Each structure stands twice: as C-alpha cells, then as structure tokens.
1. Scan the stretch 192-220 residue by residue and report those that are assigned to a loop (DSSP other than H, G, I, E, B) and surrounded by fewer than 22 Cβ atoms within 10 Å (Cβ to Cβ).
2. Give me the pairs, please: first residue somewhere in the stretch 271-283 and in contact (Cβ under 8 Å) with a residue 40 or more places away in the chain, second residue anywhere and assigned to a helix (DSSP H, G or I) and surrounded by fewer than 20 Cβ atoms within 10 Å (Cβ to Cβ), beta-carbon distance under 7 Å, and either six or more positions apart or on two chains.
3. Can you work out which of the residues in the stretch 21-39 that are modelled with pLDDT under 95 and loosely packed, with under 15 Cβ neighbours inside 10 Å is farthest from residue 135 (Cα to Cα)?
4. Just need a number here: residues in the stretch 140-173 that are without any contact (Cβ under 8 Å) to a residue 24 or more places away in the chain and crowded, with 21+ Cβ neighbours inside 10 Å.
5. Consider the stretch 41-63. How many of its residues are surrounded by 15 or more Cβ atoms within 10 Å (Cβ to Cβ) and over 30 Å from residue 22 (Cα atoms)?
6. Scan (1) out of contact with any helix residue (DSSP H, G or I) (no Cβ under 8 Å at 6 or more places or on another chain); (2) surrounded by 12 or more Cβ atoms within 10 Å (Cβ to Cβ); (3) modelled with pLDDT under 95 for the single condition residue 269 breaks and write down its number.
7. Return yes when residue 75 is under 16 Å from the mean Cα position of the chain (by Cα), surrounded by 21 or more Cβ atoms within 10 Å (Cβ to Cβ) and within 12 Å of residue 28 (Cα to Cα) and no when it is not.
C-alpha cells in the first residue's frame with residue numbers, strides 16, 4: 001500500500017482547499033485559550049458557524065490527549081474526532097481537519113472506523129493531519145516507547161490505509177489480524193487524505209513518497225526573506241515526489257490581528273506569535289503562496305479583540321485575496 005498513488009479529484013474537502021499555485025485560508029481551534037474554565041467554549045459553536053458562512057476553507061483541531069503543564073497548552077481540550085463530529089452537524093461547507101492526530105496512539109482499525117464514519121457523516125469533508133507526537137510525557141501513559149514512535153507511525157499509517165481502502169484486506173502483524181472481515185463504512189472518495197506533520201521521525205524522501213501532503217511550521221514570518229527559506233524547503237520536498245504528482249503543502253501561524261491595518265509584522269513571545277495588521281497579513285500570505293504554500297491555518301487565540309470581530313475582518317478584508325476553491 002505504501003508508495004501507491006492516491007488521487008483526490010473527487011474528494012470534496014481536498015478540492016475546496018488545495019490546488020497548485022493557490023493558497024486558501026483556514027482557522028485553527030480553539031479560538032480561545034483554555035485556562036481552567038470550559039464555559040469559555042460555550043459560544044464557539046456560533047463562531048464556527050460564522051466561519052462556515054463566511055466561506056473560510058477549513059477549521060483545524062489538534063489532538064492533545066493529556067495535559068502536560070510543562071507545555072502549558074491544553075489545545076481545544078475536547079477529543080479531536082468527537083469535536084469534529086459535533087461541528088460537522090453544525091456546518092455545511094467548511095473542511096474539517098486534524099492538525100494533527102498523534103498516530104502512534106491509535107490502533108489502525110479504530111482509526112479507520114472513526115475517520116470513515118466522520119467522512120461519511122460530514123459529506124466527505126475530512127482531512128487527516130498525522131504526526132508522530134512530540135510530548136514525551138504522553139507515551140509512558142499509553143505504554144509506548146517514545147524512541148520508537150517513528151517506526152510505529154509508519155506501520156499504523158500503512159495498515160490504516162489498507163483497512164480504509166481495500167475490500168477485505170489481509171493483515172497479519174503485531175497490531176492487527178484481518179482475514180475474511182472488512183471495515184464498514186469506507187470513506188466517501190475511497191481514501192482520506194493523510195498529511196504528514198513535520199518530519200514525524202521520517203526522511204524527506206519517505207514523506208515525499210508516502211504522504212498525501214505535508215504540514216510544516218513556517219519558521220520566522222516577520223520579513224519577506226524568512227519565506228525564502230520556507231520556499232526552499234517546499235521545493236526540496238516537491239523535487240522528491242514521484243512523477244511530479246501534486247501534493248499540497250500547508251503551514252500555520254498564531255496571529256494577534258491589530259485593529260490598525262498598517263501595523264507592521266512584529267514577532268511576539270519569541271516569535272511564537274505574529275502581531276500584524278491585515279495588510280501585513282495579506283503580504284505574508286502572498287509570500288507563502290509564491291513560496292508554494294497551498295493552505296494557511298491561522299490561530300487567533302492570542303488576539304485581544306472580540307472573536308467575531310476578527311473573523312469578520314479576516315472574511316471581509318483578507319479572504320477575498322485567497323478564496324476557497326470549488327465553493
């Protein structure tokens with residue numbers, strides 16, 4: 001199954017947000033930072049409906065099973081697939097993405113079952129970001145060795161694809177034994193795009209051969225020259241893709257969107273957050289598009305302004321420059 005060519009010309013979410021030489025915009029959840037009170041999320045459903053109605057390309061959730069205080073980041077708190085399933089019933093068009101599932105924690109049958117179910121129930125709107133995990137404290141809790149996560153990542157991805165895509169697959173491994181049984185349902189478009197996040201303990205050549213796309217951090221974003229390095233990284237990866245097949249690249253940035261449209265791109269928190277006005281953001285997104293980025297997932301949880309106000313400004317002033325596709 002690995003190294004096989006998967007195409008997604010009939011995949012609704014894929015074609016909404018990915019195309020050669022185009023960049024689309026999504027938003028990362030949570031829209032607020034969790035600080036011990038879940039009631040802050042009570043209004044988020046209305047905000048997410050707003051995102052959908054304003055025609056953003058995607059919403060993205062993170063998979064953080066356990067809270068590690070040394071990281072200081074609980075993510076959106078809710079289980080990624082449970083939350084996306086709920087949001088699938090509240091939205092109509094927006095793609096639903098994981099950014100990213102910690103693949104070594106999953107059994108391939110369970111992952112195939114839950115993703116195909118969500119893909120069917122959402123009308124083919126699921127994009128699966130997968131990573132090997134970077135929070136070492138979580139691995140002993142799952143009874144798994146942190147140092148072997150790369151090998152387990154490869155095996156689970158391969159078996160997940162077999163179970164999802166093949167009719168009555170035959171698997172005999174230490175993880176699964178399938179012979180004469182099948183998974184129902186299957187994904188709407190026969191397969192679910194699986195985007196490798198970062199290196200995931202794999203070589204660049206392996207990612208070029210076996211991913212359906214690549215999610216990377218952008219690096220510094222304050223100056224135009226910063227994006228040149230990102231473009232070089234994307235080009236090096238794309239040169240390794242067999243037959244020059246189109247595979248999308250996406251990246252993300254946490255932003256504090258200032259009311260002043262002319263506020264210059266200014267790194268905060270050691271470069272972890274970018275404070276900028278909308279004109280600086282448009283410049284950054286344009287540079288990313290020129291560098292070969294196909295989708296930008298923006299996190300607004302560090303912004304000081306009301307969430308609906310930020311969504312409206314992004315939708316009215318930024319999104320028209322980078323519209324969602326086939327919408």
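The values are calculated or read from the model by the stated rules, or taken from the named source; none is laboratory data. Remember, it's a predicted structure, so these values are computed and weren't measured experimentally. Glycine also receives a Cβ, built like all others from the backbone with ideal geometry; neighbour counts cover every protein chain displayed.
1. Taking the stretch 192-220 and keeping what is assigned to a loop (DSSP other than H, G, I, E, B), we get 192-193, 198-203, 211-212, 216-220.
Those that are assigned to a loop (DSSP other than H, G, I, E, B) and surrounded by fewer than 22 Cβ atoms within 10 Å (Cβ to Cβ): 198, 199, 201, 202, 203, 216, 217, 218, 219, 220.
2. 278/313; 278/317; 278/318
3. Checked the stretch 21-39; the qualifying residue farthest from residue 135 (Cα to Cα) is 39.
4. Within the stretch 140-173, residues that are without any contact (Cβ under 8 Å) to a residue 24 or more places away in the chain and crowded, with 21+ Cβ neighbours inside 10 Å number 0.
5. So in the stretch 41-63, the residues surrounded by 15 or more Cβ atoms within 10 Å (Cβ to Cβ) come out as 41, 44, 47-52, 54-63.
Checking the rest, the ones that are also over 30 Å from residue 22 (Cα atoms) come to 41.
Qualifying residue count, the stretch 41-63: 1.
6. Answer for residue 269: the failing condition is (2).
7. Numbers: under 16 Å from the mean Cα position of the chain (by Cα): yes; surrounded by 21 or more Cβ atoms within 10 Å (Cβ to Cβ): no; within 12 Å of residue 28 (Cα to Cα): yes.
The answer is no for residue 75.
Residue-by-condition table, conditions (1) under 30 Å from residue 149 (Cβ atoms); (2) touching a helix residue (DSSP H, G or I) at 6+ places or on another chain (Cβ under 9 Å):
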position: 209; (1), (2): yes, yes
position: 232; (1), (2): yes, yes
position: 248; (1), (2): yes, yes
position: 252; (1), (2): yes, no
position: 258; (1), (2): no, yes
position: 261; (1), (2): no, yes
position: 275; (1), (2): no, no
position: 286; (1), (2): no, yes
